[in-house]
Amino acid sequence: MNVADSEVVVSILSDAGYETTKNINNAGLILINTCSIRDNAEQRIWGRLKAISHLKKRKNDVKIGIIGCMAERLKEKLLETNHLVDLVVGPDAYRELPLLIAEAEAGHKAVNVLLSREETYADISPVRMDKNGVSSFVSIMRGCNNMCAYCVVPYVRGAERSRNPVSVLKEVKELVDMGYREVTLLGQNVDSYKWKNDDQSIGFPELLEKVAMVNPMLRVRFSTSHPKDISDDLLHTIARHENICNHIHLPAQSGSSHILKLMNREYSREWYMDRVNAIRIIIPECALSTDMITGFCTETREDHEESLSLMELTGFDFAYMFKYSERPGTKAARKYLDDVPEDIKSERLSEMIALQNKLSAKSKKNDIGKVFDVLIEGFSKRSDEYLSGRTSQNKVVVFPAGDLKKGEYVKILIERCTSATLIGKSI
Ligand code: SAH
Ligand code: SF4
């Protein structure tokens, strides 16, 4: 999400005559794109500000801006307590950046954190900052209308807005023409994508299908699916198109129906498992990943064990796991006590990570002896004699380079695996 936003910002500023630099010492303007999702994400930004303070001392005309979610959440604090910050710009105000920079250059503090009900930056062609030139993100919606009790996103990114499908398809076609071979459609809850005008109404399955039909050589991924909204219609669409990847990121957050209710996730453990079963039936080869939170308010040992058992039953291929971090202003912060002690949160997180390591290892071992179509993304991290790419299921595969090149598809026989990677050879 933040990469996609940074690409929009670079595009707006390039049009206004700015250029990016790889060397921070040469920069006349430093913009830090921020995340507020957990407290440690914000702490890292305060640390980053401290780390670049010497640049400001050396060259007082360097302007420093905080953009994105933390700008939205902490505008006053950023300006009042941190004399380094010249600009504070929220996620819906990036079009104003050239004006705000001019204001900062004139010596004023420049702020715009207004949230919008319409802004989707639909007409802006992001300047790609990814390095591989093979896979890219395409934002299809902004904001979120769900009110998960722990989550700050609706407050810092505003209400949900879907982007005009015509502009999504145009961006995807441009990427294909530039040589890209994979797009990931991004939204906080892609299943609730909805575009309406006088003569048409398009939901996510239709949009996904249209993107898949742009070019059969283009792989299509998407994130994030919400368990309450993921439909059989979407699963059948994935099954119908070879180039829609067989991987669904379906954050469960907890395996306890009681905790899910407190979290306001609007589904139960049974509902989640029903969706997993539907995926197993309709897309048998589909990989599944999740986000999990440990130590949410009132979570008991039994609730935690239900999370572990849901993970085991589903057999996730991959998981992002977090300790609950109370975010000011959210429903949980206002109404519930953050009553699971830090050491218990850590202990439960460690148990969860240990279980997921086991599940991930099992998922990789299962692939040994099988053949996968791999999209090559570039050289492996360790050696230029090996290439690295991913399967449709989003698993990283490393194999001898031979005459193969990035951007090509290759059939790889998996021979062994490490904890993070499948290793094989082309056939
Ligand atoms: N829209 C996505 C999630 C976006 S945030 C969804 O609904 O799945 C990414 C992940 O951060 C969430 O899935 C959740 O697991 C985690 N997260 C969000 N708020 C959190 C908090 N206050 N403490 C800990 N983890 C949190
Ligand atoms: Fe946050 Fe819930 Fe929206 Fe995801 S769906 S962004 S967790 S409020």
Determine which member of the set Val88, Val127 is in contact with a strand residue (DSSP E or B) (Cβ under 6 Å, 6 or more places away or on another chain) and not in a helix (DSSP H, G or I). Val88
Pairs where the first residue, in the stretch 148-176, is under 23 Å from Asn33 (Cα atoms) and the second is in a helix (DSSP H, G or I) and within 16 Å of ligand 1 (Cβ to nearest atom), C-beta under 6 Å, 6+ apart: Tyr150/Ala332; Val156/Cys69; Val156/Glu72; Val156/Arg73
Could you please give the count of residues in the stretch 284-313 that are away from ligand 1 (no atom under 15 Å from the Cβ) and more than 24 Å from Asp339 (Cβ to Cβ)? 6
Could you pull out the residue among Val156, Val168 that is surrounded by 18 or more Cβ atoms within 10 Å (Cβ to Cβ), within 18 Å of the chain's Cα centre (by Cα), more than 16 Å from ligand 1 (Cβ to nearest atom) and part of a helix (DSSP H, G or I)? Val168
Regarding Ser325, is this residue out of contact with any Pro (no Cβ under 7 Å at 6 or more places or on another chain), away from ligand 2 (no atom under 16 Å from the Cβ) and either open to solvent by less than 30 Å² (accessible area, probe 1.4 Å) or small (Gly, Ala, Ser) (or both)? no
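Conditions (1) over 17 Å from Pro251 (Cβ atoms); (2) touching a Lys or Arg at 6+ places or on another chain (Cβ under 9 Å), marked per residue:
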residue: Gly329; (1), (2): yes, yes
residue: Asp338; (1), (2): yes, no
residue: Ala354; (1), (2): yes, no
residue: Ser360; (1), (2): no, no
Filter the stretch 133-153 for residues that are more than 16 Å from ligand 2 (Cβ to nearest atom) and crowded, with 18+ Cβ neighbours inside 10 Å; the one that is farthest from Val190 (Cα to Cα) is Val134
So Arg275 clears everything in (1) open to solvent by 30 Å² or more (accessible area, probe 1.4 Å); (2) within 15 Å of ligand 1 (Cβ to nearest atom); (3) closer than 25 Å to Ser363 by Cβ; (4) basic (Lys, Arg) except one condition, right? Which one? (1)
Show the residue pairs meeting these rules: Cβ distance below 7 Å; 6+ apart or different chains; first residue within the stretch 329-353 and at pLDDT 95 or above; second residue within 14 Å of ligand 1 (Cβ to nearest atom) and acidic (Asp, Glu). Ala332/Glu326; Ala333/Glu326; Asp338/Glu326; Val340/Glu299
If you take the residues of the stretch 345-403 that are of a type in the set (Asp, Glu) and under 29 Å from Tyr180 (Cα atoms), which of them is farthest from the chain's Cα centre (by Cα)? Asp403
Can you name the number of the only condition in (1) without any contact (Cβ under 8 Å) to a residue 60 or more places away in the chain; (2) within 16 Å of ligand 2 (Cβ to nearest atom); (3) touching a helix residue (DSSP H, G or I) at 6+ places or on another chain (Cβ under 7 Å) that Leu310 fails? (2)
Keeping to the stretch 38-63, report how many residues are polar (S, T, N, Q) and closer than 23 Å to Ile101 by Cα. 2
For the stretch 360-373, pairs from a residue that is in contact (Cβ under 8 Å) with a residue 60 or more places away in the chain and of a type outside the set (Lys, Arg) to a residue that is assigned to a loop (DSSP other than H, G, I, E, B) and open to solvent by less than 90 Å² (accessible area, probe 1.4 Å), with Cβ under 9 Å and 6 or more apart or across chains, are Ser363/Gly315; Ser363/Phe316; Ser363/Asp317; Ser363/Gln393; Ser363/Lys395
The stretch 171-197 - residue that is within 16 Å of ligand 2 (Cβ to nearest atom) and in a strand (DSSP E or B) and, of those, surrounded by the most Cβ atoms within 10 Å (Cβ to Cβ): Leu185
Residue that is open to solvent by less than 10 Å² (accessible area, probe 1.4 Å), closer than 27 Å to Gly133 by Cα and within 16 Å of ligand 2 (Cβ to nearest atom), where the choices are Ile248, Ile238, Ile244: Ile248
Selected residue (criterion: farthest from ligand 2 (Cβ to nearest atom)) from residues of the stretch 213-232 that are open to solvent by 20 Å² or more (accessible area, probe 1.4 Å) and under 15 Å from Asp274 (Cα atoms): Asp232
Looking at Glu160, Glu105, Glu118, Glu96, which one is within 14 Å of ligand 2 (Cβ to nearest atom) and acidic (Asp, Glu)? Glu160
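Name the single residue that is most open to solvent (accessible area, probe 1.4 Å) among those in the stretch 383-398 being assigned to a loop (DSSP other than H, G, I, E, B) and touching a residue at least 12 places away in the same chain (Cβ under 8 Å).
Applying the filter and picking the extreme gives Glu385.
The values are calculated or read from the model by the stated rules, or taken from the named source; none is laboratory data. Since we're looking at a predicted model, the values are computed, not measured. No Cβ is skipped: glycine too gets one built from the backbone with ideal geometry, and neighbour counts run over all protein chains shown. Side chains included, ligands, DNA and RNA excluded: accessible areas come from the protein's heavy atoms. Shrake-Rupley method; radii C 1.70, N 1.55, O 1.52, S 1.80 Å.
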